Amino acid sequence: MKRFLILVILLLNIVSIAYASDRGLFWKLRAPNGSTHYLFGTMHTDDNRIIKFLPIVKKSVNASDILLVEITPDGHSQNLFMKNHSLVSDINEKELNQIKKLAEFHVMYFDNVMRMKPWLLAIIFDSPKPHTEFNQDYLLMAMAADLDKEVLGIESSQEHFATMDSLSLDEQLMMLRAVLKKTENEKLSDYNLLMKQYISGDVEQIRKTDERLTGKLLPEVLWAKIKVQLMNERNKKMVIKIKELSKDKQLFIAVGASHLAGQDGLLNQLRDSGFKISPLKAFE
C-alpha cells in the first residue's frame, strides 16, 4: 500500500510538471496527422500592451484555413437581455443610482442596461472601461476577414451563455451586488494583476487568479459547481471540436488564456491527444 501511494504521488508530480511548465500564450501545434495549427490564449481587452501583434501572428492566421474562436461571431444580441423583465423591480434606489453611473461610465444606454441579464452586467461592470472596440478578439477576426479566412465559433451564443444563464435571478443579482460593492480601485487592482500575469505568459496563474476573482462574486458552493461547467466541461468540448476540424483543415484557435491552463486545459488535453506543441512569441 505504501509503495502504491508513493507511485501515485510520483505520477501526480509528473502530471503537474507536464503542464505547470507551459508558459506562453501563443503555441504552434503539430497534429498526429502532421498538419500544423496555432493556439492563441487571448485576454478580452484593448490594452495597448497586448494588441500590437508581431508579424508572425498574421503570418500564422494566413497559413490557416479557419480562425476558430470561442463563440460564433454573430447573433449575440438576443441572448444579452432578459425576456419581458426589467431590473427596476429588483433593486433599491441606491443600487439604481450606482447602475446609472456605471452605465454612463461604460457608455451604455440605460434602458438597455436595465433589461440586461444581471450576471452579464456584473462582468461588464467589473471590467475597466474599454477605450476602443479593438480588443484582441476583434483584431484577430478583422485580420482573418482581411485575409479572406473563415471564422467559426466553437460554441453558439446560446451554448456560450448557458452556464451563467442557469443561475437563478436571485443568484445573478447576488453577483451583480457583489460587483456594485467593489470600489474602482479594487477593480483596477484586480485588472492590473491579471494583466501582469497575462504579459508574463503564466497561464497557470492567469487561470487561478481569474477563477479566484470571479469566485468572490458568488457563494463558494455555487461557484464550485459553475466553475466545473465554465472550465472543465467547456475545455473538453473545445478539444473535441479542435480535433474534429483539424482532420482536414488548418486552424488558428483563439480562446481565453485561462482555457489553456491546468490538467484539463487545452494544452494538456491536446498533448495527451498526440499533438506536439511548441511556444511562439505573439507580441513584444
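Tabulated values for the structure
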quantity: Filter result (of a type in the set (G, A, S) and part of a loop (DSSP other than H, G, I, E, B)) within region 59-114; calculated: A63, S64, G75, S86
quantity: Region 132-169, subset at pLDDT 95 or above and of a type in the set (D, E, K, R), residue surrounded by the most Cβ atoms within 10 Å (Cβ to Cβ); calculated: K149
quantity: Qualifying residue in region 116-129 (condition: among the aromatic types (F, W, Y) and loosely packed, with under 15 Cβ neighbours inside 10 Å); calculated: no
quantity: Subset of region 206-236 (residues that are surrounded by fewer than 18 Cβ atoms within 10 Å (Cβ to Cβ), charged (D, E, K, R) and at pLDDT 90 or above); calculated: K208, E211, R212, K216, E220, K227, E233, K236
quantity: Checking E184 against (1) modelled with pLDDT under 95; (2) of a type in the set (D, E); (3) more than 24 Å from K216 (Cα to Cα), the condition it does not meet; calculated: (3)
quantity: Y109 vs. criteria closer than 30 Å to I50 by Cα, of a type in the set (F, W, Y) and outside the structural domain of H44 (by TED's automatic domain parsing); calculated: yes
quantity: Selection within region 215-230 - part of a helix (DSSP H, G or I) and either touching a residue at least 60 places away in the same chain (Cβ under 8 Å) or out of contact with any Lys or Arg (no Cβ under 8 Å at 6 or more places or on another chain) (or both); calculated: E220, V221, L222, W223, A224, K225, I226, K227, V228, Q229, L230
quantity: Single residue of L251, L267, L245 found to be touching an Asp or Glu at 6+ places or on another chain (Cβ under 6 Å) and at pLDDT 95 or above; calculated: L267
quantity: Scope region 179-214; condition touching a residue at least 40 places away in the same chain (Cβ under 8 Å), of a type outside the set (K, R) and outside any helix (DSSP H, G or I); matching residues; calculated: G201, D202
quantity: Residue within region 98-108 that is within 20 Å of R234 (Cβ to Cβ), in contact (Cβ under 8 Å) with a residue 40 or more places away in the chain and of a type outside the set (S, T, Y) present; calculated: no
quantity: Count - residues of region 69-88 that are out of contact with any Asp or Glu (no Cβ under 9 Å at 6 or more places or on another chain) and within 13 Å of E155 (Cα to Cα); calculated: 4
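Here's the yes/no breakdown for (1) aromatic (F, W, Y); (2) in a helix (DSSP H, G or I):
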residue: F134; (1), (2): yes, no
residue: L140; (1), (2): no, yes
residue: A144; (1), (2): no, yes
residue: I154; (1), (2): no, no
residue: E159; (1), (2): no, yes
residue: R177; (1), (2): no, yes
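The values are calculated or read from the model by the stated rules, or taken from the named source; none is laboratory data. What you are looking at is a predicted structure, and each value in this text was computed from that prediction instead of being measured. Counting neighbours? That spans all protein chains shown, and the Cβs are built from the backbone with ideal geometry, glycine included.
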